[in-house]
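Colleague: Right, I'll just put the structure down here and ask away after.
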Amino acid sequence: MKQEEQFTALYKQYAPGIRKLCLGYTGDAMLAEDLLQESFVKMWKNMDKFRGDAAWSTWIYRIAANTCLTHLRKKNEQFVDADEERLAMIPDEARNKEQEVQLLYKCISKLAETDRLIITLVLEDKPYEEIADITGITENNLRVKIHRIKKQLSEIYSSYERL
Amino acid sequence: MKDFDALKDLWQQSKPAEQKSVDLQAITRQAKDTKAKLMRPLLIGSITLFLTPFFVIWVVYFSNVQLNWISTHISVAIIALVVWLQSFLTFFTWNKLRLIDDTAAPAQHLQQWETYYAFRKKQIQWNKPIYFLFLNLGMGLYFLEVVHGRPIVYVLTLVAFYAGWMLYAYFILGKRILEKEEKRLKAIMDELKGIEEQLKAAE
């Protein structure tokens, strides 16, 4: 398979998941789209380095994780006044699923940077072994960390839901 | 408290737009590749600096300008050497960026960026003063022959204008830029360190 065809196939397969990862990380759709594009450009540039030691999925998610983690300078742009944001998030009785999903993205973006990535991978149902490979954290430590993040995310979500 | 499994269901119900067609050209054109954005000016700068001494040599030795003083030859040598060294240093910096591995494990990747920014921070502290000093030494020697025999008012005006601009560029403009750049690099390094510590804490 030609490299471009392979890229296209990989993009189709992984872009939806990577988009969600970036959305969880930033809590901002436009920023997430930028990070998604940047991740795939990096993937394209590094495709010749892929030796098959890890699965394509692990390799691509790792590039996306690195892209998110090093996206620093614009990070402050997304910080808005907490009260203003809370007002914007007051649950509406007619809130549909999509709004709940958007709230979930926002809640994830309140976590620490690495926690956002880890929990997004958990939500995507990635096996712990693969999450450990992507993040470079040992599986045992990861389990402890995931337990804590799950609890934290549930608390954040509930606190917004109560408003 | 909302159960985590409920959140997981919610997450998995969200279906992002399906990718119908993939245009690689459009992706590479639209993407805001941060690393490439940092690398491009370094490469252009390195090439421009590399070519500049050729132009200076052509002006002094191959154009109609007649300059024969030994001080002029020394000035050309100093300018060429300083500019070429700066070109190589810029290329070295570009290469340092190029070698950052986007596919490495996050902790390693962050460490590579941190090393790069630490290098840049050190570099801007010593490189700019040295470059400025030697370049102006070369320019000063070059002007000796150029202004020789010209009216004193012309010489004084040229020296005042050149020295004035250089001092302003270095002590006011340059210092301001340097401070801003140092602040920016420190902020980036602090953030990288913060994320790196999150990963270390998990190890």
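Values quoted throughout were computed directly from the atomic coordinates according to the rules given, and no laboratory measurement underlies them. Computed from a predicted structure; not experimentally measured. A quick note on method: Cβ atoms are made from the backbone with ideal geometry, for glycine too, and the neighbour counts reach across all protein chains shown.
Colleague: I'm checking a number: the convex hull volume of the Cα atoms of chain B, normalised per residue, in Å³. What is it?
Modeller: 200 Å³
Colleague: What's the FRET efficiency of B:I70 with B:F92 using the Cβ-Cβ distance as r and R₀ = 30 Å, to the nearest 0.05?
Modeller: Plugging the Cβ-Cβ distance into 1/(1 + (r/R0)^6) gives 0.40.
Colleague: Which FRET efficiency value, to the nearest 0.05, is calculated for A:V144 and A:D53 with the Förster distance at 30 angstrom and r the Cβ-Cβ distance?
Modeller: Once rounded, the FRET efficiency stands at 0.65.
Colleague: Quick one: Cα convex hull volume of the protein assembly as shown, Å³ per residue?
Modeller: Dividing the Cα hull volume of the protein assembly as shown by its residue count gives 181 Å³.
Colleague: Per residue of B:96-107, how many C-beta atoms from partner chains lie within 10 Å of its own C-beta, taken as a mean?
Modeller: 5
Colleague: If the chain between B:Y61 and B:K186 were fully stretched, how many nm would it gain, using 0.36 nm times the residue separation less the Cα-Cα distance?
Modeller: 40.5 nm
Colleague: Once phi is turned into θ = phi - 60°, what whole-Hz ³J(HN,Hα) does the Karplus curve with 6.51, -1.76 and 1.60 give for every residue of region B:146-161, x standing for Gly and Pro?
Modeller: 4, 8, 4, x, 7, x, 4, 5, 4, 4, 5, 4, 4, 5, 5, 5
Colleague: Once the Cα atoms of helix B:34-57 and of chain B are each reduced to a long axis, what angle between those two axes, in degrees from 0 to 90 to the nearest 10, is obtained?
Modeller: 10 degrees
Colleague: Turning to a different aspect of this structure: Taking a 19 Å limit on the Cα-Cα distance, which of the listed pairs A:K49/A:K145; B:K35/B:K175; A:K126/B:K8; A:K145/B:K35; A:K20/A:K150; A:K110/B:K37 fall beyond it?
Modeller: A:K49/A:K145; B:K35/B:K175; A:K145/B:K35; A:K110/B:K37
Colleague: Now for a separate question. In vacuo Debye scattering of region B:107-203, one point per C-alpha: log10 I(q)/I(0) at q = 0.14, 0.17, 0.19, 0.24 Å⁻¹?
Modeller: -0.68, -0.83, -0.93, -1.16
Colleague: Right, something else. What number, rounded to the nearest 500 deg cm²/dmol, is the helix-based mean residue ellipticity at 222 nm of the protein assembly as shown, given -39500 (n - 2.57) per DSSP H run of at least four residues and division by all its residues?
Modeller: The helix contribution divided over the protein assembly as shown gives -25500 deg cm²/dmol.
Colleague: Between rounded, prolate and oblate, where does region A:3-162 land on the alpha carbon gyration tensor, with a ≥ b ≥ c its root eigenvalues, rounded for a/c under 1.5, else prolate if a/b exceeds b/c?
Modeller: prolate
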